[in-house]
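Engineer: For reference, the structure I am asking about is given below.
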Amino acid sequence: MLFKQQALLRQKLFVLGSLAIGSVLYLVARVGTLDRLQPICPIESKFSTPEPEQIPLRTLQFKRGMLHELQRSNVTKEQIRPHTLVQQLPRAIIIGVRKGGTRALLEMLNLHPAVVKASQEIHFFDNDKNYARGIEWYREKMPFSFPHQITIEKSPAYFITEEVPERIFKMNSSIKLLIIVREPITRAVSDYTQVLEGKERKNKTYHKFEKLAVNSNTCEVNTKYKAVRTSIYTKHLERWLKYFPVEQFHIVDGDRLITDPLPELQLVEHFLNLPSRISQYNLYFNVTRGFYCLRFNFVFSKCLAGSKGRIHPDVDSAVVTKLQKFFHPFNQKFYQITGRTFSWP
Ligand code: A3P
């Protein structure tokens, strides 16, 4: 009897012991695989390649999963980079317009898990020296991303530079092009304010906006003044339309991006064939800044730099009226071409 009980006890201990050893072995194996992060990078093998236009939901989940694993295990981005991340040419470019809100648009789009931004303005297509360095130089300037993410860069000078449409077309004739515009006079004054600030920093004097915008001899609007020329959106767009069909452009309302960014961002998500992922949670109004700021998660949020959102000088009302009359026909043409109407005067 005693012998039987002892045998039973030994059997139970054996089973418990085996379970314990098995669990330890499983844990060791799991930690080992987590270190290499291979089981959470299934995109290449597990899923077939999607339509280039479509960013699948799994990519979004994958980006979140990867970030989660990076936080959990002690693996650096550099360690996983060679296996999973690539530098991709942009599939969408914010080509302008300078002072339209290009930085805010890029940063806000970067809230989307399937979007990766090039932080710096690359100036590849508008700068001859950079362009001569070749497309691989450009690619190397791009951030690392997962194969199904889309890279976006912004260089507002592209919109107004003669050679750029042809050069971008040669790189990718089906690229998506984003143009963010503001009411043309507001944009011109914003442009002026930026230059003025630069001059003041160097202790240089500068003319008043009125003097630059209106030719004092003819009393006509000075179309040679760059801030005025840049705001003639339709003139620049027409050059682009020699290379790209209008469907490849999306016009963003830069004034609404300031006051109510989410609907504008949702339109861009749709244009880029991305599932709607940016939400009101990601955008909060900062009373001190007077602008919307970005919330990535409960830990990390940020506002744009202080150089965005400068106070504009007052402009003489007669000059404003003159400029309104000047821009009016160009604005009408712009609405007609793009199919997007604004309540600009
Ligand atoms: P102002 O400085 O004239 O106000 P860009 O990035 O193309 O240079 O555009 C700058 C403009 O972006 C700023 O012009 C500002 O009004 C606008 N902007 C839009 N959203 C913004 C935001 N959330 N924070 C700061 N500036 C924003």
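Engineer: Name the residues in region 125-157 that are free of Cβ contacts under 8 Å to residues at least 24 places away in the same chain and open to solvent by less than 30 Å² (accessible area, probe 1.4 Å), would you?
Structural biologist: Matches in region 125-157: Asn130, Gly134.
Engineer: If you check Ile168, Ile180, which single one turns out to be out of contact with any strand residue (DSSP E or B) (no Cβ under 6 Å at 6 or more places or on another chain) and at pLDDT 95 or above?
Structural biologist: Ile168
Matching residues to (1) within 13 Å of the ligand (Cβ to nearest atom); (2) in a loop (DSSP other than H, G, I, E, B); (3) closer than 17 Å to Lys154 by Cβ; (4) among the small types (Gly, Ala, Ser):
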residue: Asn217; (1), (2), (3), (4): no, yes, no, no
residue: Arg256; (1), (2), (3), (4): yes, no, no, no
residue: Glu264; (1), (2), (3), (4): yes, no, yes, no
residue: Ala305; (1), (2), (3), (4): yes, yes, yes, yes
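Engineer: Can you tell me how many residues within region 219-249 are open to solvent by 10 Å² or more (accessible area, probe 1.4 Å) and either more than 16 Å from the ligand (Cβ to nearest atom) or in a loop (DSSP other than H, G, I, E, B) (or both)?
Structural biologist: 20
Engineer: Those residues that are away from the ligand (no atom under 16 Å from the Cβ) and in a helix (DSSP H, G or I), I need them from region 144-193; list them, please.
Structural biologist: Val164, Pro165, Glu166, Arg167, Ile168, Phe169, Lys170, Met171
Engineer: Could you list, ordered by first residue, the pairs with Cβ atoms under 7 Å in which the first is in region 295-312 and in contact (Cβ under 8 Å) with a residue 40 or more places away in the chain and the second is open to solvent by 60 Å² or more (accessible area, probe 1.4 Å) and more than 9 Å from the ligand (Cβ to nearest atom), at least 6 apart or interchain?
Structural biologist: Arg310/Glu197
Engineer: Sticking with this one: Pick from Lys154, Lys199, Lys170, Lys129: which is within 16 Å of the chain's Cα centre (by Cα) and either at positive phi or among the basic types (Lys, Arg) (or both)?
Structural biologist: Going through Lys154, Lys199, Lys170, Lys129 in turn, the sole match is Lys154.
Engineer: Against the definition (outside any loop (DSSP other than H, G, I, E, B), modelled with pLDDT under 85, open to solvent by 20 Å² or more (accessible area, probe 1.4 Å) and closer than 29 Å to Tyr292 by Cα), how does Arg64 come out, yes or no?
Structural biologist: Yes.
The values are calculated or read from the model by the stated rules, or taken from the named source; none is laboratory data. Treat the numbers as computed from the prediction; the structure is a model and nothing was measured. Every residue, glycine among them, receives a Cβ derived from its backbone with ideal geometry; neighbour counts consider all protein chains shown. Note: accessible area is taken over every heavy atom of the protein model, side chains too, but ligands, DNA and RNA are not part of it. Shrake-Rupley method; radii C 1.70, N 1.55, O 1.52, S 1.80 Å.
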